[in-house]
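The values are calculated or read from the model by the stated rules, or taken from the named source; none is laboratory data. Quick caveat, the model's predicted, so the values are computed rather than measured. Don't worry about glycine lacking a Cβ; one is built from the backbone with ideal geometry, like all the others, and counts go over all protein chains shown.
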């Protein structure tokens, strides 16, 4: 069935990898995939952004159709830390149905190992090598899964992947997510994985009309369309406010004076602008927010790290005793009145003139106004991604401090 989808952007930051006590010298890299908890949809890797790497990183980060891979890095000695600073951007689409912001996604991170002895040892790796993956066999040695809860509500959190056994190490990671747009899909994105299945395709106009209550007047249909518009616009504005709040906090806490001056043009933004909804639309600059959504997503370790060279452990965590690294905003701010204008349908300049807008025009205005709002969110989100890359070490330390506070104030139980 056709319908509106929420477009959510997820940024996974591989900050660094530290091998604590490793038995095998060789080449390593991390691979991440993101899939819905019910296995019906996958996040699509869109791009990867990287900072300059250390000398022991021999191959850049890449993406494929389903996953994002970090830089390939060489490990020679024990207790060696490699800064990666790879920012992998995923996009996922969730049908905009009831409670869609609370949909959970499963993040799987795998550690791959390649034995350098096949090409004559570690020293040979630093000579120019073409098609490295064809020269060395890479095998997954450890896998760990994390449950990202409420990905649509926005997540900004530090978490760790602890590698047990023969490849004992620690990977520092951060995950950021935000709702950035609503897109109409004549064919649901989830069905693209199953082309033989036939689905009824509807134009946007027919889809919205089919979703309205029948046997109501144009005034009643206008009210229903406005309710839909207000619902989507409210979510977009709340998402914008959350990104802005995180942006300002990182900008104020994680940049040096020199960095702030150097990147000042890209670290500023304007107030959110929406149209007033009248036939001759005027701009409204939102200096005050709407009712805030204080709910946030979180990351939960769904499974303990599993060495893939051994039988998979059957140990699991119950929902009641989850190992949560959750950061919640517990402040209860008084709700602020909504400032979202309505879309006008039947307004007349005088009684002799026909209505200014008919239903198709009203639906066009709905899509145009949503697009105008989402463009500003996407622009701010790209600036947020740029900000993360200016001083990634300080950003990691800021969220790591929140992680430690959460760990020391809550008690976690294991089976």
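Does residue 118 count as at pLDDT below 80, out of contact with any helix residue (DSSP H, G or I) (no Cβ under 6 Å at 6 or more places or on another chain), closer than 27 Å to residue 228 by Cβ and not in a strand (DSSP E or B)?
Taking the combined requirement at face value, the residue does not satisfy it.
Mind counting the residues in the range 1-42 that are in a strand (DSSP E or B) and farther than 30 Å from residue 366 by Cα?
Of the residues in the range 1-42, 21 are in a strand (DSSP E or B) and farther than 30 Å from residue 366 by Cα.
Okay, residues lined up against (1) loosely packed, with under 13 Cβ neighbours inside 10 Å; (2) out of contact with any helix residue (DSSP H, G or I) (no Cβ under 6 Å at 6 or more places or on another chain); (3) at pLDDT 60 or above:
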position: 212; (1), (2), (3): no, no, yes
position: 219; (1), (2), (3): yes, yes, yes
position: 223; (1), (2), (3): no, yes, yes
position: 254; (1), (2), (3): no, no, yes
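Specify which of the listed residues (76, 39, 71) is surrounded by fewer than 17 Cβ atoms within 10 Å (Cβ to Cβ), farther than 19 Å from residue 145 by Cβ and assigned by TED's automatic domain parsing to the domain that holds residue 156.
Within the list 76, 39, 71, the selection yields 76.
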